[in-house]
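Presented below is the structure to which this report refers.
Just so it is clear, none of the values below were taken in a lab; they were calculated from the coordinates. In this text, all values refer to a predicted model and were calculated from it rather than measured experimentally. Note that we place each Cβ from the backbone using ideal geometry, even for glycine, and neighbour counts take in every protein chain shown.
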Amino acid sequence: MPLLSVRSVSKNFTGVAALSDVSLDVEEGEIVGVIGPNGSGKTTLLNLITGIFPPSGGDILFQGGSLIGRKPHEIAQLGIGRTFQQIRLFEDMSILENVLVGMDFYLSIGYSATVLGLSRVREEEARGRNDALVVLGRVRSRFNETPGRAAAELPYADKRRLEIARALAIRPKLLLLDEPAAGMAPQEMRDLVADLRQLNADGTAVILVEHKMRLIEGVTNRVIVLDYGQKIAEGPFNTVKKDARVVEAYLGRGYVGAGAAAS
Amino acid sequence: MNDMSGVQGQARTFTANDDADIPRYVSVVAAAVFLVVLFAIAIIGLRITQTALILSYAAGLVVLGIGWYFLVKRFPVISQALMRERTLLTAGTLACAIAYPFFATDPYQIHVMALGGIFALMGLGLNVTIGFAGLADFGYIAYYAIGAYASALFNVKLGLPFWLCLPLAGLVAACLSLLVAFPALRVKGHYLALVTLGFSFIVIQMITNLEKITGGTQGVFGIRAPNLFGYEFHTPLKLGTVTLPYQANFYYLVLLMLVLSAIVCSRLGRSRWGRVWAAMRNDEVATEAAGINLMKLKLLAFGTGASFGGIAGSLYAHMIGYIDPTTFRFIESIFLLAVVAVGNWRITGVIAAAVLFTVLPEKLRVFNEWRLFIFGFILLGVMLARGRRMISSRY
């Protein structure tokens, strides 16, 4: 049984077909790349999986159970974490607090215990902070040196890393990354590759939406190519990049047969 | 010195307050002097009654304020010392508040201060809803009215004692707020503001028109004052050789409730609940994607805020002994929003603003018709100075 199974899913936005009849499987511990030109439906696919809006047709199964009709927070609790194409950090809050929000689901202190100020509230807060520091350590950064720094002050690449750390805090079985390398310098991208390989080795499956083909080539087991909301190719990156339809989607009809595609 | 003075607001790290390079006793003395001077200024201000004197007093305050601003700018060590003694300052302020009735010349002043405390209690409640959770509630007065009427009717019609009516008022207000919140929370931002505004009008209309229960425009009479183990709150408070007017009883009751509420607010603000509320305020989509149930958080914020309002209403009803629908005007909701914003969404700020805006119109009757005007200007200033909403959630 695949970890995630998207079965002929469609999504229409008032007549515009953002996705039509797309199917894909993600096995446990796999990194699957999703590529395609702008507007091909990659982010829509992620939004359907995480329940931001319901599909117009089809089904999405996670560990055998359907995700249709479930709320975003329930899907997250089942073990699907995500980052966003437009960074969505809690800018007012510190690095550590951002991760603590991701972990909140695992904290057990109740509302009334907090109001009454029971002593175990403090103990659990301290424990939560330690756990959050461990999560921060899973992305290559210097977050652990300044966990109290405000998220708003972070450089761009660090914001992307912090988003990944926050998504890791929910202990996902499947991590959806929406263009994590956007705006990253070469060294930062190498760190990202190393991070992704490490968490994949720890058993986390990943769906990676990305435009930087070097990253796709470097970490994915398999890629899925979308164009105008349809799946046009699937397979290892090195095979897919020679596919005539993929080359056409990226470069236009005139380039078909020219050989090296999007690299 | 840790060079954090340039960093704005709460981006402060946790080391910023711990290493001012002046000895401890100096900062303690500085904090004590600061507090005593402030208390003296406040007492003097409360004692003078002539309009001319009050105006020159206000002018003096402005001069002092400007002087203080430049003094702190020139010697930032002063504010660092005061920041380090925050706990001491809080305890000292509480001591001043306890001491206040002994310095008041007029029982009516104590009464006004108690009203200010009730207003501050409401401010803290609204701050949970709008400051912590970022839910725009423009009809907060509804919970105040519900609490006051619930408490009054439980007392007058069912004969329940005040000490039972008080928590019941909070509970009833919280439950009714959830009733409206459940459908209302499907809408966001200014739509939510409109729904809550509508709710408050409905509540006031119902109170006015359900004459059989609420007495309609006649109001509810004969709400009994609290009675503590046989001690009537309407008898003067004898403490050794000093006798305080009976208003002091209510003052201390309100003060106690205010302190308890401030403690609850501070606990919530620093807990995981304050943290996820702040996250929700920042970005609902990202909070949901982190596995957090937004509806539950919103209901908690609404219910908690409303319960404070209900308790405030109960205190008011039993203090005055009489309530009618005109007590609960829509404009009070707006005043409260202004108080919360002027108080910069911080517990101490909200309390200070609420007390100030209760005392000022009483002090300066001339100000009364200008109240909204002045509010508007202060609000404008606060928004210009701190455009981004901030909250005192610490690392």
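Checking the Cα-Cα distances for A:Lys42/A:Lys212; B:Lys157/B:Lys296; B:Lys238/B:Lys363 against a 24 Å cut-off, the pairs over it are B:Lys157/B:Lys296; B:Lys238/B:Lys363.
Taking every alpha-carbon pair within the protein assembly as shown, the share separated by more than 43 Å comes to 36 percent. Taking a ≥ b ≥ c as the square roots of the eigenvalues of the Cα gyration tensor, an a/c ratio of 1.5 or more together with a/b no larger than b/c marks the stretch B:19-143 as oblate. Under 13 Å from the 7 Å Cα→Cβ point of B:Thr93, by amide nitrogen: which residues of the stretch B:238-280? Of the residues in the stretch B:238-280, B:259, B:262-263, B:266 have backbone N under 13 Å from the label point off B:Thr93. Alpha-carbon geometry of the stretch A:80-171: the Rg and the Dmax are 13.6, 41 Å, given in that order. For A:Ala233, the residues whose modelled amide H falls within less than 5 Å of its own, excluding neighbours fewer than 5 places apart on the same chain, are A:Val225. Hey, which aspartates and glutamates would be in cross-link range of A:Lys11, C-alpha to C-alpha under 15 Å, not counting anything within fewer than 8 residues on its own chain? Partners within reach: A:Asp21, A:Asp59, A:Asp227.
Identify the residues of the stretch A:1-24 with backbone N under 18 Å of a label point that sits 7 angstrom from the Cα of A:Ser56 along the Cα-to-Cβ direction, or state none. Only A:7-23 fall inside the zone, counting backbone N under 18 Å.
Exposure proxy ranking for A:Glu163, A:Glu124, based on other Cβ atoms within 10 angstrom of each Cβ and starting from the fewest, stands as A:Glu124, A:Glu163.
Which residues among the stretch B:123-152 fall inside the zone where the amide N is under 15 Å from a point 7 Å beyond the Cα of B:Leu179, along Cα→Cβ? So the set is B:142-151. Listed from fewest to most Cβ neighbours within 10 Å, the set B:Ser271, A:Ser112, A:Ser5 follows the order A:Ser112, A:Ser5, B:Ser271. Straight Cα distances below 19 angstrom link B:Lys298 to the lysines A:Lys71, B:Lys188, with same-chain residues fewer than 8 positions distant left out. When the Gaussian network model of chain A links Cα atoms closer than 10 Å, the mean-square fluctuations of A:Leu162, A:Leu118, A:Leu48 top out at A:Leu118. Within the listed set B:Gly343, B:Gly310, B:Gly376, the residue fluctuating most in the Gaussian network model of chain B (springs between alpha-carbon atoms under 10 angstrom) is B:Gly376. Taken along the Cα-to-beta-carbon direction at a fixed 7 Å, the label points for B:Phe103 and B:Ile44 span 1.1 nm.
The DSSP beta bridges internal to chain A are antiparallel in roughly 55% of cases.
Ranked for footprinting exposure by Cβ neighbours inside 10 Å, fewest first, A:Asp243, A:Asp158 give A:Asp243, A:Asp158.
Among the trypsin sites (Lys or Arg not before Pro) in the stretch A:47-119, none is located in a DSSP loop while being surrounded by at most 13 other Cβ atoms within 10 Å of its own Cβ. In chain A, the longest principal axis of the Cα atoms and the axis of helix A:119-136 are about 30 degrees apart. Across A:Ala132, A:Ala185, A:Ala205, mean-square fluctuation computed from a Gaussian network of chain A (C-alpha pairs under 10 Å connected) peaks at A:Ala185.
Its relative contact order, with pairs defined as Cα atoms under 8 Å and 6+ residues apart, puts chain B at 28 percent. Only helical runs count toward this figure. For chain B, summing -39,500 (n - 2.57) over DSSP H runs of n ≥ 4 and dividing by all residues gives -23000 deg cm²/dmol at 222 nm.
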